[in-house]
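Enquirer: Handing you this structure, nothing more for now.
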Amino acid sequence: MENKKPYYITTAIAYTSGKPHIGNVYEIVLADAIARFKRAEGYDVRFQTGTDEHGQKVEEKAKAAGKTPKQFVDDVAAVIKQQFDVMNTSYDYFIRTTDESHERQVQKIFKKFYDQGDIYKGYYEGLYCQEDEAFYTKSQLTEEGKCPVCGGEVVPMKEEAYFFKMSKYADQLMKYIDEHPHFIQPESRKNEMVNNFLKPGLQDLCVSRTSFKWGIPVEFDPKHVVYVWIDALSNYITGLGYDADGNHDELYKKYWPADLHLIGKDIIRFHTIYWPIMLMALGEPLPKQVFGHPWLLIGDSKMSKSHGNVIYADDLVKLFGVDAVRFIMLHEMPFAQDGHVTYDLMIERINSDLANNLGNLVNRTISMQNKYFGGVVANPNVSEPIDDELKAMATGTVKKVIEKMDELRVADAIQDILDLFSRCNKYIDETMPWALAKSEDVADQKRLQSVMYHLAEALRIIAILVSPILTKGAPKIWEQLGLTGFDQVTLTDAKTWGQISDGSKVVKGDPIYPRFDMPEMVEVTEPNVAPALTKDEASREAAGEGTSEAFEPLKEEISFDDFEKLDMRVAKVLTCEKVPKSKKLLLFTLDIGLETRTVVSGISQFYAPEDLIGKKVIYLANLKPRKIMGIESAGMILSAADIDHNLEVTNVADSKPGATIG
């Protein structure tokens, strides 16, 4: 496609203080889905992300690690890039604020502001939060006198600094926002910026520091380093080859202004007030839109190491695969409200939406096509009104998804696609191909061919629609349909029904998405990343895990009489709690039918106590009691451990407490 329209999308650059959790990585996955969709629409996309590498916090972390700041950020930047790459993101450029070209332009930008009279030297005196590297007034603190952003300590600080005259451009920015109603999205973010910051009046912004050295030196006053705002925010233009002297690279001329700055809601002020004003001072166009996305929460909490609920993308990908993690991130995040995920929700969504709904649709369609027609697709056009309904929904879904994606309502777009999955599965139940296959009537056989063609064609459209989200599964669907050239497919190909040619042959493949057993797993949080999610053998193979011979060796034979001595019973877990001062032990009260028993079991690292209450387990009742940490433990709960030391308690849900095993 010639003369493609350019589309420039950016994420906020990640701060190099440590490994980013999935709440941080969500942003680049969202940007990637948008970028992939725009490419499918025919745009010439430039997708930029990167790392913010200067500041006091980095300087101190490097010192604590026994490294130079540059060594420290080199290491952390590699970790951040790995977390982005494990999510199969397709960014075109990864900028680092320690790049020489960026640093040189930041110095020139700072000097230009100074020469124009936009920057002046003064002193900053206020309450400083080192975690956020930000100053606050007393009125901005929490009721406890803590940082309003991170909840950390603030300390009084005074230092010489340069300041940017924000108020000089405030009216110009207000006018721009009024004339460009979609500049700040969602609408609630715009109202917040206007009412809380612009209307009350802007304070001048501190743009240099002297209390630390790890930063870009101010060229004409080298005891100062450029503070984060001018340094980090400028990456959006320096990454395109912007030059403060006007000698811009062709990339800048082609892609600026940005079509979309995608950022977290917590930094919306910096991108919708500070950054636009800086661009006005430079005489450059403003980005077309800034979207402040909500947070991805674990349960009801924001992820943080202090909460002990940090989860990393690479750990989740090892468990579920990259497509499933991308799907969860994107589907569970509403347009303007925070998204909430738990492990139970993740497994439920993966099983119901990917394994059952989509996975079964692909498997049923390909299997029946092979069974009834040797895999060969043909369309004799023996149609009924129900076929027109399916066609209309498929092509209508394409239109709805485009509309939703243009509005950045990604979760809503995914739901429209899920509805199409469900409609296709319902179509199978309504047309009953298995009944048509039993008929020897020629008309029924032609009708069966038509039904199978419609299913294949719907799957072709589905593969295109899900490709920005399910980056691994979409091409597999395409391949199983016997089609080629998926990397050249565009959304235009999804708008027209009937593109599969007669004589095409489907290809039987492995299940695209494995089903995961519910819900025996542990939280993948720091410092414990030893998940105990179990998968059936087919799922393990589909996930590429293979099998191994490295199980525990068989024990020596026992006689039948010895076996008869074992009294194994079904027991119901009445209560379960952690044993104080132990990281491994759980204390159980079991109903074994005849009485209750107390048992101590070393499975705390694999289960939360509340997840076991009500379960029916296999219990060895006549094992001699023994004391464990001062508690008498009577008997043993049986469990299974695999070669990776993942553990699962055997659950016998349909048996009554006290029932014998053997």
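Enquirer: Which of the residues spanning segment 310-356 are of a type in the set (S, T, N, Q) and surrounded by fewer than 18 Cβ atoms within 10 Å (Cβ to Cβ)?
Expert: Of everything in segment 310-356, those that are of a type in the set (S, T, N, Q) and surrounded by fewer than 18 Cβ atoms within 10 Å (Cβ to Cβ) turn out to be Q337, T342, S352, N356.
Enquirer: Same structure, new question: Name the residue that is modelled with the lowest pLDDT, counting only residues in segment 192-226 that are in a loop (DSSP other than H, G, I, E, B) and among the hydroxyl-bearing types (S, T, Y).
Expert: S211
Enquirer: Based on what the data block shows, is W214 under 30 Å from the mean Cα position of the chain (by Cα) and aromatic (F, W, Y)?
Expert: No.
Enquirer: State all residues of segment 624-643 that are in contact with a strand residue (DSSP E or B) (Cβ under 9 Å, 6 or more places away or on another chain), touching a residue at least 12 places away in the same chain (Cβ under 8 Å) and open to solvent by less than 70 Å² (accessible area, probe 1.4 Å); if no residue qualifies, say none.
Expert: I628, I631, S633, A634, G635, I637, L638, S639, D642, listed by residue number.
Enquirer: Do you know which of the residues in segment 275-298 that are over 30 Å from D245 (Cα atoms) and open to solvent by 20 Å² or more (accessible area, probe 1.4 Å) is modelled with the highest pLDDT?
Expert: Across segment 275-298, the extreme among qualifying residues is W295.
Enquirer: Could I ask something else about it? Residues in segment 429-450: is at least one buried (at least 17 other Cβ atoms within 10 Å of the Cβ), at pLDDT 95 or above, within 28 Å of the chain's Cα centre (by Cα) and not polar (S, T, N, Q)?
Expert: Taking every residue of segment 429-450 in turn, none turns out to be buried (at least 17 other Cβ atoms within 10 Å of the Cβ), at pLDDT 95 or above, within 28 Å of the chain's Cα centre (by Cα) and not polar (S, T, N, Q).
Enquirer: Can you find a residue in segment 129-142 that is β-branched (V, I, T), within 38 Å of the chain's Cα centre (by Cα) and open to solvent by less than 20 Å² (accessible area, probe 1.4 Å)?
Expert: no
One line per residue, one yes/no per condition, for (1) open to solvent by less than 40 Å² (accessible area, probe 1.4 Å); (2) of a type in the set (A, V, I, L, M); (3) in a helix (DSSP H, G or I); (4) under 30 Å from S467 (Cα atoms):
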| site | (1), (2), (3), (4) |
| --- | --- |
| F37 | yes, no, yes, yes |
| I95 | yes, yes, no, yes |
| H102 | yes, no, yes, no |
| D115 | no, no, yes, no |
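Enquirer: In addition: Report, by residue number, each residue of segment 39-88 that is of a type in the set (D, E, K, R) and in a helix (DSSP H, G or I).
Expert: Result: R39, E41, K57, E59, E60, K61, K63, K70, D74, D75, K81, D85.
Enquirer: How do the pairs read when you match residues in segment 416-443 that are over 27 Å from D353 (Cα atoms) with residues anywhere that are open to solvent by less than 80 Å² (accessible area, probe 1.4 Å) and hydroxyl-bearing (S, T, Y), using Cβ under 8 Å and keeping only pairs 6 or more apart or on different chains?
Expert: Filtered contacts from segment 416-443: A437/Y372.
Enquirer: Looking at segment 568-662, what strands (runs of 3 or more DSSP E) fall wholly within it and have at least 2 residues that are among the hydroxyl-bearing types (S, T, Y)?
Expert: Strands (runs of 3 or more DSSP E) meeting the threshold: 596-601.
Enquirer: Considering segment 569-618 alone, what residues qualify as being of a type in the set (S, T, N, Q) and modelled with pLDDT under 85?
Expert: Matches in segment 569-618: S582, S604, Q605.
Enquirer: Still on this structure: For segment 231-242, indicate whether the set of residues that are outside any helix (DSSP H, G or I) and either among the aromatic types (F, W, Y) or surrounded by fewer than 23 Cβ atoms within 10 Å (Cβ to Cβ) (or both) is non-empty.
Expert: Yes, there is a match, as at least one residue in segment 231-242 is outside any helix (DSSP H, G or I) and either among the aromatic types (F, W, Y) or surrounded by fewer than 23 Cβ atoms within 10 Å (Cβ to Cβ) (or both).
Enquirer: Turning to a different aspect of this structure: Name the pairs: first residue in segment 351-370 and in contact (Cβ under 8 Å) with a residue 40 or more places away in the chain, second residue part of a helix (DSSP H, G or I) and open to solvent by 50 Å² or more (accessible area, probe 1.4 Å), Cβ to Cβ under 7 Å, at least 6 apart or on different chains?
Expert: N357/S422
Enquirer: Something else: Filter segment 24-56 for residues that are touching a Lys or Arg at 6+ places or on another chain (Cβ under 7 Å) and either of a type in the set (D, E, K, R) or modelled with pLDDT under 95 (or both) and give the result.
Expert: D44, E53
Enquirer: Here's something else I'd like to know. Test each condition in (1) among the small types (G, A, S); (2) open to solvent by less than 10 Å² (accessible area, probe 1.4 Å); (3) in a helix (DSSP H, G or I) for G359 and report the one that comes out false.
Expert: The failed condition is (2).
Enquirer: If a residue must be assigned to a helix (DSSP H, G or I) and either of a type in the set (D, E, K, R) or over 11 Å from the mean Cα position of the chain (by Cα) (or both), how many such residues does segment 16-35 contain?
Expert: 4
Enquirer: So if I check each of Y176, Y162, Y169, which one is over 14 Å from F291 (Cβ atoms), open to solvent by 40 Å² or more (accessible area, probe 1.4 Å), over 31 Å from the mean Cα position of the chain (by Cα) and touching a residue at least 60 places away in the same chain (Cβ under 8 Å)?
Expert: Unique residue meeting the criteria: Y176.
The values are calculated or read from the model by the stated rules, or taken from the named source; none is laboratory data. Here the structure is a predicted model, which is why all the values come from computation and not from measurement. We place every Cβ from the backbone using ideal geometry, glycine too, and count neighbours over all the protein chains shown. Heavy atoms of the whole protein, side chains included, go into the accessibility calculation; ligands, DNA and RNA do not. Shrake-Rupley method; radii C 1.70, N 1.55, O 1.52, S 1.80 Å.
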